[in-house]
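**Q** Please see the structure below; I have some questions.
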Amino acid sequence: MSKEQILVIEDEQDILSMVRLRLESRGFVVVTAESGELALRWLTEHKPDLILLDLMLPGINGLEVLKQIRNNRNLAKIPILIISALGEESDVVVGLELGADDYLSKPFNMSILMARVNALLRRSQSDQKIEQKPENKPNNKPKDDSNDFIVIGAIRIDTNRHHVFVDNQSVALTSTEYRLLLTLIASKGRVLTRNQLIDEAIGNESIVTDRTIDVHLASLRGKLGSSRAMIETVRGVGYRFKF
Ligand code: CA
């Protein structure tokens with residue numbers, strides 16, 4: 001099996017070399033680019049398994065790089081993990097809306113970086129399997145899989161394939177957003193605290209702050225479009241799904 005290749009787009013040398021060292025020690029092949037221009041040029045001829053993208057770059061910024069990658073059909077499905085500096089939360093929300101899969105704020109812990117990288121690679125591999133072999137579902141499942149859809153108002157969720165539709169338009173949620181949505185729906189209108197959402201939707205493998213949850217929920221709401229108001233903020237407590 002070939003080693004997985006990770007493109008790291010980052011202009012800060014210290015971070016670049018730490019990340020490279022850690023990823024290489026885990027057996028990944030690392031390619032680095034110190035600007036968006038260099039990265040995009042390299043991407044015209046290569047297709048890495050995952051991209052780590054710093055938002056604040058010299059020349060064209062990370063969000064523009066992200067947009068160009070997602071608009072390229074050949075690259076559109078590569079998992080992208082944004083790396084942001086403190087105070088860039090609004091850019092992170094835009095990044096998640098533009099199709100980044102997850103984000104980490106600097107300064108970050110290398111173990112958390114590795115956990116996120118591994119989680120994204122696992123998900124991307126299982127997505128590819130589903131796409132390649134749609135017929136390979138367990139045989140004991142009925143042919144009519146209408147039971148595997150959750151429909152609430154304009155929101156329809158295919159729980160087999162983890163696809164979400166709003167007003168019949170497919171919506172690309174990150175895995176965290178998908179789990180948050182299902183957790184909120186499963187709570188049947190009860191208010192969930194940020195801690196409950198973190199425990200149930202993200203789990204203990206990552207260290208997550210209240211603000212992180214708010215950022216993911218802001219992005220999720222943005223993607224729900226006409227149904228965004230179904231996720232209600234309960235001031236001082238948390239969030240609730242309004243049926
Ligand atoms: Ca930077």
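The values are calculated or read from the model by the stated rules, or taken from the named source; none is laboratory data. Predicted model only: the values in this text are computed from it and were never measured. For neighbour counting, all protein chains shown are included, and Cβ atoms are generated from backbone atoms with ideal geometry for every residue, glycine included.
**Q** For D11, are the conditions met, namely being assigned to a loop (DSSP other than H, G, I, E, B), of a type in the set (D, E) and either within 16 Å of the ligand (Cβ to nearest atom) or farther than 21 Å from R122 by Cβ (or both)?
**A** It is true that D11 is assigned to a loop (DSSP other than H, G, I, E, B), of a type in the set (D, E) and either within 16 Å of the ligand (Cβ to nearest atom) or farther than 21 Å from R122 by Cβ (or both).
**Q** Also, I was wondering about something else. Taking S170, is it at pLDDT below 90 and either assigned to a helix (DSSP H, G or I) or within 20 Å of the chain's Cα centre (by Cα) (or both)?
**A** no
**Q** Does V19 count as within 16 Å of the ligand (Cβ to nearest atom), among the β-branched types (V, I, T), in the same structural domain as I112 (by TED's automatic domain parsing) and in contact with a Ser or Thr (Cβ under 8 Å, 6 or more places away or on another chain)?
**A** no
**Q** On to the next question. One residue is enough: does segment 63-74 have a residue meeting the conditions crowded, with 19+ Cβ neighbours inside 10 Å and more than 16 Å from the ligand (Cβ to nearest atom)?
**A** Within segment 63-74 (the criterion being crowded, with 19+ Cβ neighbours inside 10 Å and more than 16 Å from the ligand (Cβ to nearest atom)), the answer is yes, since at least one residue qualifies.
**Q** Next up: Could you grab me the full set of residues in segment 88-107 that are more than 18 Å from L7 (Cβ to Cβ) and more than 13 Å from the ligand (Cβ to nearest atom)?
**A** Within segment 88-107, E89, S90, V92, V93, V94, L96, E97 meet the criteria.
**Q** Could you please find all residues in segment 1-50 being under 18 Å from Q68 (Cβ atoms) and among the polar types (S, T, N, Q)?
**A** S35, T44
**Q** Being surrounded by 13 or more Cβ atoms within 10 Å (Cβ to Cβ) and not in a helix (DSSP H, G or I) is the filter here, so list the residues in segment 217-241 that pass it.
**A** Once the filter is applied, which keeps residues that are surrounded by 13 or more Cβ atoms within 10 Å (Cβ to Cβ) and not in a helix (DSSP H, G or I), segment 217-241 yields I231, E232, T233, G238, Y239, R240, F241.
**Q** While we're looking at this one, here's another question. Which ranges mark the strands (runs of 3 or more DSSP E) fully within segment 34-109 that have 2 or more residues being touching a residue at least 60 places away in the same chain (Cβ under 8 Å)?
**A** 50-54, 102-105
**Q** Being polar (S, T, N, Q), more than 25 Å from P107 (Cα to Cα) and over 20 Å from the mean Cα position of the chain (by Cα) is the filter here, so list the residues in segment 20-75 that pass it.
**A** Answer for segment 20-75, where residues must be polar (S, T, N, Q), more than 25 Å from P107 (Cα to Cα) and over 20 Å from the mean Cα position of the chain (by Cα): just T44.
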